[in-house]
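In what follows, a single structure is set out as C-alpha cells and then discussed.
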Amino acid sequence: MRLSRYFLPVLKENPSEAQIVSHRYMLRAGMIKQSAAGIYSWLPLGFKVLKKIEGIVHEEQIRAGHVPMLMSTMQPADLWKESGRYDDYGQEMLRIKDRHDRDMLFGPTNEEMITDIFRAHVSSYKDLPLTLYQVQWKFRDEIRPRFGVMRGREFYMKDGYNFDLTKEDALHAYNRHLVSYLRTYERMGLQAIPMRADGGPIGGDYTHEFLVLAETGESEVFYDSAVTDLTFGDREIDYDSVEQCQGVLEEFTTKYARTDETHDEALFNEIPEDRRRTARGIEVGQIFYFGTKYSESMGAKVQTADGEVPVHMGSHGIGVSRLLGAIIEANHDDNGIIWPEGVTPFHCGIVNLKQGDEAADAACESLEKALAAVGLEALYDDRKERAGGKFATMDLIGLPWRITVGPRGLKNGVVELTSRRSGESEELTPEAAVAKLV
Ligand code: ATP
Ligand code: MG
Ligand code: MG
Ligand code: MG
C-alpha cells in the first residue's frame, strides 16, 4: 500500500481529551475518530488491526470446535422480559421504540437471544454439546465512557454460548474456553491472567476474568507473582479431552490470582511475601458457567431417556475492540505504538529517503512486490516529505519493521532494516532484508 493513496490522518499534537497512552496513540495514529462519547468510527489503520484481532479470535474459537454465527444488534424487549432481565439491567441498556411503539433495545449481550434460537431449533440431547459464538457490536450506555475504545459505549465483542446436557459437560466447555482464550491472547503478544472473579447474583466458583496487567487498568488485582511465569506456548491440545483441558485449567488457576471483588486477605497472606503482588489490570475477557438460569426461565429443554431437562449453559466474552487499547498499553514507547507481529496492520514500512530518485523509487516498488510475494504487506511511504517526518510517522504507527531506502545505500547495493522494538538497524541487500522478515 502506498501511503500517498492511503488514508492515515496522523495528528501532530497530543489530543487533550486523551488521558492514557493507548487512547492518545490511537487518535494520533489516525486509527479512530470519535463520533459521540464512547462511540467511534474505525479509520483504515484501526480497522485493519481490529480485523486482525477478530481473525485470531475466530481461528482459535474454530480450533476449539465452536461454531460461528451472527445475531442482530437490535433485539425485542420481550425476550428480556421473559428472562426477567429487562427491568434488572438498568440504565446501561439502550432502550428504543420502533414506529409501532414496540420496545426494542440495542443488545448489550446475547444470552436471551441465543437461548431463543436454541429453543426454536434444538429439542434432543443428541444435538448436544453445542457452542455457538459471534463477534458483534454491543451497546452499553456506560455511565463514564472513557479511555477511548477501552470503555466505549458501542464496542466489539466476541460472545460465545455453550449448551450441554450435564453440569460436567458444561464445565468441560468452560475449560475449553479457558484454554482457547490463553492461546488467543498469547497470539496477540499479550499475557492475560485468568483471575477468579465474582459470580454476581448467580454466585458459584465458575467464572474467571482475563486480565492484562497495566497501570491504567480499571480493576485492582492481587496475585502470586508465580502466575506471570506461566505461558501456554504452542503446545498441542486435544479440545475433546476432558483431562487435558482440566489440566490446563488447574495449571493456570491454582495459584492465587483474584480481582478485588473476590480478594481474600487471609488466603493472600499465605503466599510467600516476596511473591505477593497488588497491581492494576485491564479486563479483556470473561468466562462464566451459569447452569440452567436462562434455560429454565426461557424453556430451553432437551428430550432425554428420562424426560425433558433444561440445558446447562455458560457464556464467554472477549473484548475485541478493548484489546486494541490493552495491546497498546502493553506495547509502546515514547515515540508510539510497537505492534506485536500477530496483530500489526502492516508487517513492514518502506521509507523512501529521496522520492523522485529513479533508483530509489524502483527499489521501493520492487521491495513492496517482493514482500507481497512472500505474503507480507508493506506500507510504502512514497510522499515527498523529509526523512525525519517519515520516520516519526512509522514510529508512531508502530510497524514492527522498517526498510529505509536511499540513493547512497543503493550505490552499495544495500538498504537499512530497522526493528521498531529494539531500534537496531542493519544494512542488507534488499533480498536479504525480505528474507529476514519471512
Ligand atoms: P467491565 O467490568 O470492564 O465493565 P464487564 O465485566 O461488564 O466489563 P463482560 O460482560 O464480561 O464485561 O463482557 C465481556 C468483555 O467485553 C469484557 O471482558 C471486556 O473485555 C469487554 N467490554 C465490556 N464492556 C466494555 C466496554 N464498555 N467497552 C469495551 N469493551 C468492553
Ligand atoms: Mg461492565
Ligand atoms: Mg467486569
Ligand atoms: Mg466481565
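The values are calculated or read from the model by the stated rules, or taken from the named source; none is laboratory data. It should be emphasised that the depicted structure is a prediction, and the values quoted were computed from it without experimental measurement. All Cβ positions, even for glycine, are placed from backbone atoms using ideal geometry, and neighbour counts span all protein chains on display.
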Given (1) more than 12 Å from Ala363 (Cα to Cα); (2) in a helix (DSSP H, G or I), identify the lone condition not met by Arg421. (2)
Within the set of pairs 6 or more residues apart or between chains, which connect a residue that is under 18 Å from Ala378 (Cβ atoms) inside segment 39-53 to a residue that is part of a helix (DSSP H, G or I) and at pLDDT 95 or above with Cβ atoms less than 7 Å apart? Leu45/Ile397; Val49/Leu324
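Mind checking whether some residue in segment 299-307 is without any contact (Cβ under 8 Å) to a residue 12 or more places away in the chain, hydrophobic (A, V, I, L, M, F, W, C) and more than 16 Å from ligand 4 (Cβ to nearest atom)?
Yes - at least one qualifying residue is present in segment 299-307.
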Selection within segment 320-352 - farther than 27 Å from Tyr133 by Cα, part of a helix (DSSP H, G or I) and either touching a Pro at 6+ places or on another chain (Cβ under 6 Å) or among the hydrophobic types (A, V, I, L, M, F, W, C) (or both): Ala330
Selection within segment 217-259 - closer than 29 Å to Val149 by Cα and either modelled with pLDDT under 95 or in contact with a Pro (Cβ under 8 Å, 6 or more places away or on another chain) (or both): Phe252, Thr253, Ala257
Out of segment 383-420, which residues are crowded, with 23+ Cβ neighbours inside 10 Å and closer than 17 Å to Glu358 by Cβ? Val405, Val415
With surrounded by fewer than 19 Cβ atoms within 10 Å (Cβ to Cβ), hydrophobic (A, V, I, L, M, F, W, C) and in a strand (DSSP E or B) as the only criterion, which of Ala279, Ala266 stands out? Ala279
Every residue in segment 258-277 that is away from ligand 3 (no atom under 16 Å from the Cβ) and either in contact with a Gly (Cβ under 7 Å, 6 or more places away or on another chain) or basic (Lys, Arg) (or both), please. Arg275, Arg276, Arg277
Being farther than 30 Å from Glu296 by Cα, touching a Gly at 6+ places or on another chain (Cβ under 6 Å) and part of a helix (DSSP H, G or I), is that true of even one residue in segment 26-34? yes
Determine, yes or no, whether Asn335 is in contact with a Cys (Cβ under 8 Å, 6 or more places away or on another chain) and in contact (Cβ under 8 Å) with a residue 40 or more places away in the chain. no
Using the structure shown, decide if Gly285 is of a type in the set (Gly, Ala, Ser), within 16 Å of ligand 1 (Cβ to nearest atom), closer than 22 Å to Lys158 by Cα and touching a residue at least 40 places away in the same chain (Cβ under 8 Å). yes
Do the conditions hold for Glu54, that is, is it surrounded by 12 or more Cβ atoms within 10 Å (Cβ to Cβ), over 30 Å from Ser241 (Cβ atoms) and in contact with a Lys or Arg (Cβ under 9 Å, 6 or more places away or on another chain)? no
Which one is surrounded by the most Cβ atoms within 10 Å (Cβ to Cβ) among residues in segment 64-85 that are more than 11 Å from Leu105 (Cβ to Cβ) and touching a helix residue (DSSP H, G or I) at 6+ places or on another chain (Cβ under 7 Å)? Ala64
Against the condition part of a strand (DSSP E or B), over 24 Å from Ser180 (Cβ atoms) and not hydrophobic (A, V, I, L, M, F, W, C), how does Gln286 come out, does it pass? no
Helices (runs of 4 or more DSSP H) wholly inside segment 74-160 that include at least 2 residues being touching a Gly at 6+ places or on another chain (Cβ under 8 Å), within 13 Å of ligand 1 (Cβ to nearest atom) and at pLDDT 95 or above: none
Considering each of Lys293, Lys301, Lys255 in turn, give the residue that is over 30 Å from Gly189 (Cα atoms), surrounded by 14 or more Cβ atoms within 10 Å (Cβ to Cβ), touching a strand residue (DSSP E or B) at 6+ places or on another chain (Cβ under 7 Å) and of a type in the set (D, E, K, R). Lys301
What number of residues within segment 23-61 are of a type in the set (A, V, I, L, M, F, W, C) and in contact with a strand residue (DSSP E or B) (Cβ under 7 Å, 6 or more places away or on another chain)? 8
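Listed here are the residues, each with its yes/no results for (1) surrounded by fewer than 19 Cβ atoms within 10 Å (Cβ to Cβ); (2) more than 15 Å from ligand 2 (Cβ to nearest atom); (3) closer than 26 Å to Glu341 by Cβ.
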position: His121; (1), (2), (3): yes, yes, no
position: Asp127; (1), (2), (3): yes, yes, no
position: Trp137; (1), (2), (3): yes, yes, no
position: Asp141; (1), (2), (3): yes, no, no
position: Met150; (1), (2), (3): no, no, yes
position: Asn162; (1), (2), (3): no, yes, no
position: Tyr174; (1), (2), (3): no, yes, no
position: Pro194; (1), (2), (3): no, yes, yes
position: Asp198; (1), (2), (3): yes, no, no
Which residue out of Ser4, Ser16 is free of Cβ contacts under 8 Å to residues at least 12 places away in the same chain and either in a loop (DSSP other than H, G, I, E, B) or small (Gly, Ala, Ser) (or both)? Ser16
Residues of segment 143-158 that turn out to be of a type in the set (D, E, K, R) and in contact with a helix residue (DSSP H, G or I) (Cβ under 8 Å, 6 or more places away or on another chain), as a count: 2
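Search segment 45-59 for residues being closer than 19 Å to Asp395 by Cβ and not small (Gly, Ala, Ser), and hand back the single one that is nearest to the chain's Cα centre (by Cα).
Looking at residues that are closer than 19 Å to Asp395 by Cβ and not small (Gly, Ala, Ser), I get Val49.
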